[in-house]
Structures are given as structure tokens and as C-alpha cells.
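What follows draws every value from the coordinates through simple rules; no lab data is involved. In this text the structure is predicted, and so the values were computed from the model without any measurement. Quick reminder, even Gly has a Cβ in these numbers, built from the backbone with ideal geometry, and neighbours come from all protein chains shown.
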Amino acid sequence: MENNDPIEGAYIWIVESATGAVSDENGNFIVKNLCAGNYSLTIQYLGHKEIKDTLTLNSNNFNKTYRLEEESLDLSGVEIHGHKLAVQTTTAVTALYGDALLEARGENLGESLKRISGVTTFSTGNSISKPVIHGMHSNRIMILNNGIRLEGQQWGAEHAPEIDPFVADEITVIKGAETVRYGPEAMGGVILVNPAPLPTKKNPKTNIYLTGASNGRSGNISVSHANGSDKIKGLGYQVQASAKRAGNIHSPDYYQGNTGLSELNFSGSLGYSSTKLGIEGYYSYFNTTLGILRDSHTGNLDDLINIIKNGRPFSDPGFTYEIINPKQVVSHHLAKLKSHYHLSDSWKLNFQYGFQANNRQEFDKRRGDLNAKPSLDLELFTNTLDLFVDHSLKNEWSGSFGINAIQQANSNVPGTGVTPLIPNYDMLNLGIYAIEKYSKGPLEVEGGLRFDTRSVSTARYVQSELQTADLSYNNFSAFIGTLYQVSPKITFNSNLGTAWRPPNVNELFSEGLHHGAAAVEIGDADLNSEKSIKWVNEIEYDGTKTHLEITGYANHIKDYIYLNPTGDTFVSLRGTFNVYEYLQANAFFYGVDFSASYEFSNRLNGYAKGSIIRAKNTEEDNYFPFIPSDRMDWGLAFKFGSLTSTKTNKLTLSNMLVARQKREPDFDLAPAPPAYALFNLGYQRQLEIGKDKLNLGLQVQNLFNTSYKEYMNRFRYFTDDMGRNILLKINYQF
Amino acid sequence: MMRFKNRTFLACALFGLALASCKSEDPVIENDEEVITDVTLRFTELNSSGTSVGDPFEFKASDPQGIELGTPTIESVTLSKGKSYKMEIILFNSIAGEDITAEVQEEADEHQFFFLGTAFVGSPVLTYSYNDQGGELIGLNGTVMVSQSPGFNNANMRIILRHDLDKNYPGATNPNFENFAQAGGETDLDITFPLVLE
């Protein structure tokens, strides 16, 4: 479609002077204040071929007309180097996609996200790991599975997120307090697990992933297929399934008994989009059986002290795939319906409904027939409804406002033969919010306000007496943020946001024995909501050879809820137990994350990333338990083969340095483990077979089979961490 | 795969849009089937040829409300110097009304009692030997010999029931095995009875 129409909004960039312009409605643009000399000029406009030109400037005025040639927007076969973030926000955002995600394939969500600086894990052995953002985890962060807030039993330290990372094409971490946008609990940050957008025309794509690992002798397969319809324009679908099986994990000196897992997941989506209307249905199913290290299940405090003193499990049953009690069997269904309608060029109406059903069964080592019964059996249903309007006005304003409802029903399934740890409950949360952004040139300023009201009603039997409670919580939250493009290479953003988190049902009502900790945990029904204010600042430098990102933050939390050892013990016929109670105190978290890379030559690239967190109970002037210690990961990558080739062919050697956590709480069952250093080796290669792509990855983790314990792993009391692991990762795309 | 209660599942899935019909189930009283609330030591005097003489007598430790809330009451054990006794251990769950002794007997390969405390270790005043049916070392049945001239008249009998241990672990055949933890497993009972010798 060749014509002479002027193009509005094309970007013009003068490389030498680092100045630019945007063409006006008549297609005109002016670049002023240039000295005489040679200049390189770049012109870009979406859907058109980029123009590169060099020109010599002698006179005071210079005029030239450029014609942009239209280019098909079909991006298949095009290497995409740029990257659009999954969320437009002024706070610090980092995403895992492309090659980095390819290297993480086969790992669980927590492990995958460790690749992002400032994100660590809070784990229970090697199969259960929860992401930690800036020292916060569980109910203080939020995970969105394809836009729906994941509602499982996240309160438990040993409850891993019920999500298969293979559904994702991209995983994004927002490090700011995003309660206004996403609702209560998004206090430490938000994790967005997003599948690829659905195809809108016929273009069949299949992805097969095969992963094998020597440690645990695990195998993992995932297959996904996406295509669009050639009959109905805008109709597309995607289906995906994955399976995983692993046996006992090996520490350098022994096998960890009963640490296998098996997982089966699938998801599918169907969507239609036209210029005005978009509609999408999505369903995902997650099912896992996780073995729990036999020796971590202690009978009483003496047992716990004995195994801590031993430093390793008493048993070494060798290798097996068999999973026995104690174990967890968890399934999670998520269905969603999403639609948007363009009311006009600048206004869009959005609707999203999600249904989730979560079943968590925990089996303990018990006597006789009781072994077949779960000791904990919880059924959680969640409905979420979002209704919001987006606008992107012709002037500098854009934003959205909407309402959000979350409704939840949690029941203990009868027949466990154990008094339930938490009561049955119903919860309803209603929220209303507005976010507005002003963008002009290099500056973006954003602000938002939200009000939430939540009611919770609980019921349970205590000593054969029905005990009920009705609780309600209300809260305003707000944020303000800015992003400023200081120069083409330097971006700065700053975000100040409040967040809140109503106390969880376990914090309010727990009253029971926690076998792994030989502890009786006691809740407090009078706990207040936690309220926080978090300030995040990020500066990013993107030079030709150097890339640098530094994030600094401070988070003050009023009435932070924590589990405190009372110092009392409880004596029973089974022996002695520690008693813990839920308390509240003001907390202050602050820290720095950094990530840097430098190109030494066109073959050799170096990188370093790390994080430092400080967290203090400002009332008691002591430290909270399970805060990640200082850590850093640095490495060198060497590129093989042709320099002009865009196909990956590189070898990476990296070194992970983790300091000892010197800021320990006043009471811990065992002192923090010593510092450790691990070496990892990776080789990644992309091959083209006709039009198909084959990605091969070979990784060696913990190269020297070092024995170590990670402070953030709850099983550090019982066992060394995982020994050497050799992984082969194959991905075929056709 | 469908473990959910179908009724609730449907109500929540189909009527969820109304955000109203999806309610949690009414709570149910759950009996703690796992707990051992009563532990009885039943002694019967044995004559020199190992035959029972006289009536059996019992000492009891009980914790009627289970682990989290109760306070156990433990009776003092009184035995006579120089005598031998048959000692049976009887386990009961008064919450669920269940005899646990039979369950432990059924899982003989996974359970074992160990006898520690000043009564059994150091300069012991009691000598224990397993005498269970089927020859498996459990400790539900055994004999206790009281020293003729003990060094002291008051001692502690610490009785430990281990579950899921490696019974072939070196040393585990000793009823007074102090490093029982090395054999793995976990503790189901750990009770210290005061002992008085007359």
C-alpha cells in the first residue's frame, strides 16, 4: 500500500548527538542545534522498515524527505531483541524470558526466579520452594497465574506455589508494593506468570521440552502447541501439558530418604480477537505428589535436637522413586474467562473472572490404616472478579479504574482423625481502585488509590464446642511513582507505595502441633492488619558494552506478624515441644539488588548480580528469622562459532557466593550454617534444522559436589543441600 | 482425580459468578485417632521358675486431652527389691476409644520400646529383657528384674516408644540402647515414671 501520506509518530534519532524527534501530523520533524559534521540517522515506525542514513551537515539548514517502506507485522522468524514488559508500571520490574527462561526450564517456580537479583527462595528441601522478594514471601507477595491471583494455601512455609512454570512464556517480577493494582497482600512484590499471547491466524507452532537430571534421576517433559484458525480471523488456541518424575535427592555424602516427586499438569486456552472485541477462556490443572524427607518428621523436641546434633539424616535408604509418608498431594484447578471491548479509540472495558479449586492433602507417618488417611485435608474454592476500564487518551493521560471481588470458601475435609489446624472459613474481599499516569517526553508520573473491605467468618470445634468468629478489615492504599529517561542510556524510576495484608486464618487461629518444628503454634484472633510503606528506586544504565541495574528499597511495616518462640515448652506423653505464638511488631526492611554485565570482547561477556537485605524488628531491636543472607552470583560467558550468527552457542562458568547470615534471631533451633561457594557450568546451543529450531543445554550445578547448607532452607536442620547435578535440556520448536 | 466434594465444587464453579452460593462446609468434630492418651504398666510377679504368682498390679500415665492441651498425670511405680516381674505395656486412645496395643503389635517391625533413665542405665537397679510374642523385639511384653541390693531406692523409668526405626541398626537389640535416635524413626511416647523400691 504505497502512498505519500505523512506519517505521524515516527521516531527519528541522531546517534552522534544523542538527540531525537518525533514526526508531527504532517510527517514533519525538526532536529535543531547540530554542529557541522557527519551524522548517522535512524528512523523507526512500527510496521515499517527502519531507515539508517548517514548525512553530512555543512550549512545551517538541511532538509530531506524519507519514505518509509511498509513491512509485514508478521514477526515469525524475526529475532526479537527488544522486549515489552508484561506490566506497565513505574516501579522496578525484571522479567525472565527467552534464553534465560530456556535455561531455567524444568525447575520449579521458586528455583527459576532465583535467577533474578533480589529474588531468593524460602524452601523446605529441594522440591518445595517459595519465591522471596526483598525478604518477603508466602502471603506477603502475590503470584498471578495468567492474570488471576493464585489462591492456594500459601500461608504454610512448606506449601509451594501451585503452578507449573512451563505454562509461562515469560515470568515477571515486580519489586514494588503493588496493592493498588493487584489487591491486598501484594506487599513485597508481585510475580506474573504469563503464557504467550494466543495466535490470531493460522500458524501452527509446537514446542517440546525434555529435561533430564542426574541428581534425583529426574525426567521432565512438556509439550505445547498453538495455532490459529484460517477460517475465522482472530480465533486461536493453545494447549500444553507437562509431566515430571524424580527420585531421592543425593547430598554429597548420602541420599535424602523420601525426597522424590511426581507432577502432572496441563493447560489450554481458546481466544478470539477482533478490532473491538477480545475474549479468552483459559484452564490450567496442576497436580503434584511431593515426598518429604523422612527424618524431618520428628516426634518431639528430643528427636529434633538429636537430628540437629547429628547434622544429617539418621537414615540413608539409597535411591528410589517410591514416595511414602510423609508426603503432600496437592491439586489445583484454575479456570478463567477474560474479555475486553474497545468502547472507543481511547477507552477499553475489561472483564475477568477466575475460579480456583485447591485441594491439599498432607500425609504423616502414622499407625496402620491411618497411613492411608491424610492428616491435613483442605479444600479451598476461590472466585475472583475484575471489572475495569482502561483509557489511553490523545493527550498525556492514561490509566485505569475498576472494582475487584474475591470470594473464598475453605473447608477441612472430614475423616483425617486429626483436629484441624485451621478452622473452616468464608472470606469476601471487595476493592475499588483508580490509577492514572501522565507521560510527557522522557517523564512518566503515576499515582493510584484503592479501598478494600474484607470480611472473614470462621467456624470450628474446640473440645466439642462450636466456636465461631466474624472479623472485618478495611483499608486504604495508595502509591505514587515516576520514571525518568535521563538520557537514552540511563533510566531512573522511583515508587512509593503503601500496602496492607489482613492477618491470615492460620495466624489468627492456629492451635496445633507442627511436626517438622516439634512446635505447638498458637494463633491470636486479635491480630491487626499489617500496613506497610515501601519505597523502591531503580537506576538502569544500558550502554553499548555495559549494562547495569541497581535497585534500592526501604520497607517499613507496622504490625508485622511473626511466629515467636515463647521459651515455654509443652510436656505430653509424647515428649516435650516448644511453644510458639503469633506476635506483631514494627519491622523495617531495606536493601540493594544489583545486576551488571560487561562485554570484554565480542566473544567474552561477564556478569555479576547480587542482593543485600537487612530486616529488623524495630521494637525489640532484634532480627527476624529466615531473611536471606548477602549473596552474589558472577560468571563469564564465552561465545563460540560465527560472530554474526544470532544462534546461541555459548559456554558459561559461574560462581555463587553466599555469606553466612550473621543477623540471626535471638532464638533458633540451630545456628545459621556457614558461608558457601558453588560453581556452575552451562553450555547452551541453538541449531536450525530446516525451519525448526533445536535448543540444547547442558548444565552442571554444584560442579565440585560441595557439601553446604542454605540458611533459607528449613531442612538445613536435618540435611545438607543437594550435591552435584548434571542436567540435559532439549527443546525442539517446529 | 476428582477428590472434591461434588456438591461444593459445582456450587462454587457454577454459581461463583454470583459470588454468593459458594460456602464453606460446616465443621465436624474430628477425633484424634493418632494420640495415645493412656499408658499402663502392668506388673505380675514371677517366681524363680518364671511362673506368674499373685495378682497383676498397674501404674498409669494418662493425658486425656491429647498432645496440645492436656497435662499428663504419671503415677509412681513401686516394686520390691530382689523380685522379678512380667511387665506388659498397654496403650489406649480414650478420645477415639481405640486399643493401640494391638496396632503396635500388628506393626511389630516398625515399633520398639527402649527403657532408659536412672533405673536402667548407669548403675541400673532394673534389668529389662524383651519377651514379646513371635520373638520380635517390641517391649509390649518383657521381664524386669529388680536388683537385690540397689545403690538407691528412688530412680526414674524413662520409657520410649520409637516408630519407623531401623530395627537392624547395630545396638538396637539392647533394650537400654541410649543412642536409639541413631536407628532413625520418631518418638511416639516418651514418659518418665518415678520409681520407688521397697
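Some notes on this structure:
- One quarter of the surface of the convex hull around the alpha-carbon atoms of segment A:406-488 equals 8.9 nm², the direction-averaged projected area.
- The convex hull built on the alpha-carbon positions of segment A:486-587 has an orientation-averaged projected area of 9.8 nm².
- Too-long pairs where the Cα-Cα distance tops 30 Å, listed order kept, from A:175/A:327; B:86/B:167; A:233/A:437; A:231/A:348; A:49/A:233: A:175/A:327; A:233/A:437
- Arranged from fewest to most other beta-carbon atoms within 10 Å of their beta carbon, A:468, A:259, A:416, A:54 become A:54, A:468, A:416, A:259.
- Of the chymotrypsin sites (Phe, Trp or Tyr not before Pro) in segment A:346-428, not one is in a loop by DSSP (not H, G, I, E or B) with at most 12 other beta carbons within 10 Å.
- As a rough footprinting exposure proxy, the listed residues A:685, A:105, A:574, A:67 were ranked by other beta carbons within 10 Å of their own, and the order from fewest upward is A:67, A:685, A:105, A:574.
- Value of relative contact order over chain B, rounded to a whole percent, pairs C-alpha under 8 Å and six or more apart: 20
- Rounded Å value of the spacing that divides the Cα centres of segment B:122-190 and segment A:685-726: 45
- Size of electric dipole in the protein assembly as shown: Cβ of Lys, Arg +1 and of Asp, Glu -1, about Cα centre, debye, nearest 20: 3320
- Between residue A:545 and residue A:17, the contour length at 0.36 nm per residue exceeds the alpha carbon distance by 188.2 nm.
- Chain A, relative contact order in percent, only Cα pairs under 8 angstrom and at least six apart counted: 10
- Per-residue ³J(HN,Hα) for segment A:157-167, Karplus 6.51 cos²θ - 1.76 cosθ + 1.60, θ = phi - 60°, Hz, x for Gly and Pro: 4, 9, 10, 6, x, 8, 8, 9, x, 5, 5
- Charge tally in the Cβ shell below 14 Å around residue A:683, where Lys, Arg are +1 and Asp, Glu are -1, residue A:683 excluded: +3
- When segment B:30-197 is reduced to its Cα atoms, the Kirkwood hydrodynamic radius in Å: 16.4
- Sites listed here are trypsin sites (Lys or Arg not before Pro) in segment A:373-452 whose DSSP assignment is loop and whose Cβ has at most 12 other Cβ atoms within 10 Å: A:394.
- ³J(HN,Hα) computed for each position of segment A:319-326 - Karplus, 6.51 cos²θ - 1.76 cosθ + 1.60, integer Hz, glycine/proline x: 8, 7, 8, 5, 10, 10, 6, x
- Looking at segment A:600-640, the trypsin sites (Lys or Arg not before Pro) that sit in a DSSP loop and have at most 13 other Cβ atoms within 10 Å of their own Cβ are A:603.
- Share of Cα-Cα pairs in the protein assembly as shown lying beyond 55 Å, as whole percent: 22
- Over 23 Å between alpha carbons, listed pairs A:52/A:205; A:130/A:205; A:130/B:23; A:545/A:650: A:52/A:205; A:130/A:205; A:130/B:23
- The angle between the Cα long axis of helix A:301-310 and the longest principal axis of the Cα atoms of chain A comes to about 60 degrees, rounded to the nearest 10.
- Extreme residue, positive dipole direction of segment A:97-168, given options A:152, A:141, A:101 (C-beta unit charges): A:141
- For segment A:203-352, the residue among A:234, A:259, A:283 whose Cα projects farthest onto the positive side of the dipole built from Cβ charges is A:234.
- Prolate/oblate/rounded call for segment A:129-230, Cα gyration tensor, a/c under 1.5 rounded: oblate
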